[in-house]
1. Being outside the structural domain of S336 (by TED's automatic domain parsing), part of a loop (DSSP other than H, G, I, E, B) and out of contact with any strand residue (DSSP E or B) (no Cβ under 9 Å at 6 or more places or on another chain) narrows it down to one residue among G311, G287, G300; which is it?
2. Can you name every residue in the stretch 244-277 that is surrounded by fewer than 16 Cβ atoms within 10 Å (Cβ to Cβ) and of a type in the set (V, I, T)?
3. Restricting the search to the stretch 80-103, which residues are basic (K, R) and either in contact (Cβ under 8 Å) with a residue 60 or more places away in the chain or under 25 Å from D141 (Cα atoms) (or both)?
4. Please give the number of the condition S102 fails out of (1) at pLDDT 95 or above; (2) at negative phi; (3) more than 18 Å from the chain's Cα centre (by Cα).
5. Which members of the stretch 314-329 meet the condition of being in a helix (DSSP H, G or I), crowded, with 20+ Cβ neighbours inside 10 Å and either without any contact (Cβ under 8 Å) to a residue 40 or more places away in the chain or not aromatic (F, W, Y) (or both)?
6. Could you go through the stretch 102-111 and let me know if any residue there is farther than 22 Å from I317 by Cβ and of a type in the set (F, W, Y).
7. Here is a check on your reading of the model: is V66 farther than 22 Å from E302 by Cα, in a strand (DSSP E or B) and at pLDDT 95 or above?
8. Quick test for you: out of A38, A67, pick the one residue that is small (G, A, S) and either over 24 Å from T294 (Cβ atoms) or out of contact with any Asp or Glu (no Cβ under 8 Å at 6 or more places or on another chain) (or both).
Amino acid sequence: MKAAVYREHNKDPRKVVKIEDIDMPKIKPNEVMVKVEAAAYNYNDLWGIWGEPIKIPMPHISGSDVAGTVVETGEDVSHVKVGDRVTLHPNLTCRVCYECTSGREYDCKDRKVWGFQTGPLWGGFAQYTHMPEVNVVKLPDNVSFIDAAAITMVGMTAWHMLVTRANIRPGQTVLIMGGGSGMGIAGIQIAKLFNCDVIATAGSKDKMDKCLELGADHVVNHREQDWYKKVRDITNKQGVDIVYEHIGKTVFPQEVGLLKMGGTLVSTGATTGYDSTIDLRYLFFRGINLLGATQGTKAGLEEVIKWVSKGKIKAVIDTVLPFSKMVEGHVRMADSQLFGKIVTTPQRL
């Protein structure tokens, strides 16, 4: 089969990511083999290529967002059959520890992000891949492979952030940072699903307009120095109930200052840097909540797919690339000049 493989790290994906012919994987008794019809890009794909911030198994196949068709099942598989249309939950956990059995598999000490921390040669940017049955989510017929791949990681993570961690409630005011990113697009739609008043931020006029088209009630440019003052003005100086955060260092102190009494900031990333500061008076005088979140549960992913099938959450696609040109997606993502997800189709060379 063909797969996108790299055998060394480099800041330029074009120098190391190559389409290679490799052996088909062999499944374990509890696994299924999936013919990959669509695979979407995430920032962790770049981290893997760069070799930062953690070491990964080499040689490597990236890709944590996949949708396709089951073509083989292991002898212990009982709930999935050949021909099923599926997407894959990319959290690999032990499933037996206290955290896993209490519904918090995202806190499992043995958790690995499939397609990022797994390998050698085990990820979604390949014509075929394999996963444990417990990580398989069946797709409704009206959800396309491309849409499923594009929404899986960001949708599941956004659901976990807003619903599981921040306990979002109807009517709240929610600030969605980076509304033009894959994470932001999912966050806007989930917040509107709960009938919240949504303020989105974006870094260009085009992305700001598209955030409004997605359903955001207000939008500001977070690249402007006084962006947070505009958010405060929108709320009539009251602040926001929830800040949905994945940008990090450059905006974190201002985000904390925008929270109203008892408000919640939930963070899942820090693309501009990790070493930020806050005024601790906000923490104790306002009684705010600072929460972290990583990925999410399989149940959360199933919720997202359900709402996609009902047309209430939509996958937004920036670019679809044939597999022979898939490295262009890494370059485009690194340049950050996109709105929505980039998807490659491994069966189409």
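The values are calculated or read from the model by the stated rules, or taken from the named source; none is laboratory data. These numbers come from a predicted model, not from an experiment. Every residue, glycine among them, receives a Cβ derived from its backbone with ideal geometry; neighbour counts consider all protein chains shown.
1. On inspection, the qualifying residue turns out to be G311.
2. Answer for the stretch 244-277, where residues must be surrounded by fewer than 16 Cβ atoms within 10 Å (Cβ to Cβ) and of a type in the set (V, I, T): T250, T271, T272, T277.
3. K81, R85 - these are the residues of the stretch 80-103 that are basic (K, R) and either in contact (Cβ under 8 Å) with a residue 60 or more places away in the chain or under 25 Å from D141 (Cα atoms) (or both).
4. Tallying (1) at pLDDT 95 or above; (2) at negative phi; (3) more than 18 Å from the chain's Cα centre (by Cα), S102 fails exactly one: (1).
5. Within the stretch 314-329, V327, G329 meet the criteria.
6. The answer is yes, given that some residue of the stretch 102-111 is farther than 22 Å from I317 by Cβ and of a type in the set (F, W, Y).
7. On the way: farther than 22 Å from E302 by Cα: no; in a strand (DSSP E or B): yes; at pLDDT 95 or above: yes.
No.
8. Checking each option against the conditions leaves just A38.
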